[in-house]
1. When you go through R148, R217 one by one, which is the residue that is in contact (Cβ under 8 Å) with a residue 12 or more places away in the chain and of a type in the set (K, R)?
2. Search the range 109-123 for residues that are under 15 Å from A98 (Cβ atoms) and pair each with any residue that is among the charged types (D, E, K, R) and assigned to a helix (DSSP H, G or I) when their beta-carbon atoms are under 9 Å apart and the residues are at least 6 apart or on different chains.
3. (1) at pLDDT below 80; (2) touching a helix residue (DSSP H, G or I) at 6+ places or on another chain (Cβ under 8 Å); (3) within 16 Å of the ligand (Cβ to nearest atom): which one isn't true of P11, the others all being true?
4. Give the residues of the range 32-46 that are within 27 Å of A131 (Cβ to Cβ), within 15 Å of the ligand (Cβ to nearest atom) and surrounded by fewer than 19 Cβ atoms within 10 Å (Cβ to Cβ), sorted by residue number.
5. Hey, any hits in the range 93-103 for a residue that's without any contact (Cβ under 8 Å) to a residue 24 or more places away in the chain and closer than 23 Å to L128 by Cβ?
6. How about the range 176-214: which of its residues are small (G, A, S) and either free of Cβ contacts under 8 Å to residues at least 60 places away in the same chain or not in a helix (DSSP H, G or I) (or both)?
7. Touching a Gly at 6+ places or on another chain (Cβ under 6 Å) and of a type in the set (S, T, N, Q): which single residue out of S79, S109, S86, S64 fits that description?
8. Among what's in the range 144-166 and is among the aliphatic types (A, V, I, L, M), within 20 Å of P120 (Cβ to Cβ) and in contact with a helix residue (DSSP H, G or I) (Cβ under 8 Å, 6 or more places away or on another chain), pick the residue that is surrounded by the fewest Cβ atoms within 10 Å (Cβ to Cβ).
Amino acid sequence: MKRHLPALSWPRLEEGPIRVACHFCDALQDAPRLHEGDAAHCCRCGELLYQNRPRSLARATGFSSAALIFMALVHSFPSITIDAGSVRRELTILEAAAAMWRDGNPAISLASVFFTVIAPLVLVGGLLYVAAPLRFGIALPGAAAVTRWFQLCEPWSMLEVFLLGILVALLKLGAVGDIHLGAGLWALAGLVICTASAIAGIDRLELWDRLEIALNRQK
Ligand SMILES: [Zn+2]
């Protein structure tokens, strides 16, 4: 395992050394503090134990803010416009869900709203609520509960599945009429990229450790 002088407050070493077990070979070993950009590897098998990602809180804050802006655009502009003879239809995600409800598919309508609107909103909104003030060492009220909730929502945010679904549907709908891609679809692509980058920007363990340090300081 690479060892560095304590420079940053992650992982915490406030009450003596902490130990970590390797997920691959179960070897129990010291968990040293890491400089930004460095990673700790297992002393026995060499697998990655954890890493201190560079500018993790800044990345999580920046990408989740951008994701929220893209989310507003997704719901403001139509994703696709269908021209079929005299009929012209512009659809946003919510209008598509409402159309499914009217067509007698309430379960699918509710599921699509949950997977593509509610879960992603809780995910990026929660990450921004926790990560932005943590950059200044502050934990806002309920930050631990918010972290638990947005991490629960993470597997249920299915924006990329929805985007792929739209692209496949576009191929099928080409036979029905003229299809025009709207600003909402490009915003959806931006939202998918920013949401994935926001989540990848910070390690789960790191977020919890930094949150715990801030909460202990505020006691
Ligand atoms: Zn190992």
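The values are calculated or read from the model by the stated rules, or taken from the named source; none is laboratory data. This structure is a prediction, so every number in the text was calculated from the model and none was measured. We place every Cβ from the backbone using ideal geometry, glycine too, and count neighbours over all the protein chains shown.
1. Working: R148 fails: in contact (Cβ under 8 Å) with a residue 12 or more places away in the chain.
The unique qualifying residue is R217.
2. S109/R102
3. Among (1) at pLDDT below 80; (2) touching a helix residue (DSSP H, G or I) at 6+ places or on another chain (Cβ under 8 Å); (3) within 16 Å of the ligand (Cβ to nearest atom), P11 violates only (3).
4. Once the filter is applied, which keeps residues that are within 27 Å of A131 (Cβ to Cβ), within 15 Å of the ligand (Cβ to nearest atom) and surrounded by fewer than 19 Cβ atoms within 10 Å (Cβ to Cβ), the range 32-46 yields A39, H41.
5. Step one: of the range 93-103, the residues without any contact (Cβ under 8 Å) to a residue 24 or more places away in the chain are 94-103.
Next, from what is left, pick out any that are closer than 23 Å to L128 by Cβ: 94.
Looking through the range 93-103, at least one residue is without any contact (Cβ under 8 Å) to a residue 24 or more places away in the chain and closer than 23 Å to L128 by Cβ.
6. Filtering the range 176-214 for residues small (G, A, S) gives 177, 182-184, 187, 189-190, 196-198, 200-201, 214.
G177, G182, A189, A196, A200, G201 - these are the residues of the range 176-214 that are small (G, A, S) and either free of Cβ contacts under 8 Å to residues at least 60 places away in the same chain or not in a helix (DSSP H, G or I) (or both).
7. Numbers: S109 fails: touching a Gly at 6+ places or on another chain (Cβ under 6 Å); S86 fails: touching a Gly at 6+ places or on another chain (Cβ under 6 Å); S64 fails: touching a Gly at 6+ places or on another chain (Cβ under 6 Å).
Of S79, S109, S86, S64, the one residue that is touching a Gly at 6+ places or on another chain (Cβ under 6 Å) and of a type in the set (S, T, N, Q) is S79.
8. Residue satisfying both the conditions and the ranking: V161.
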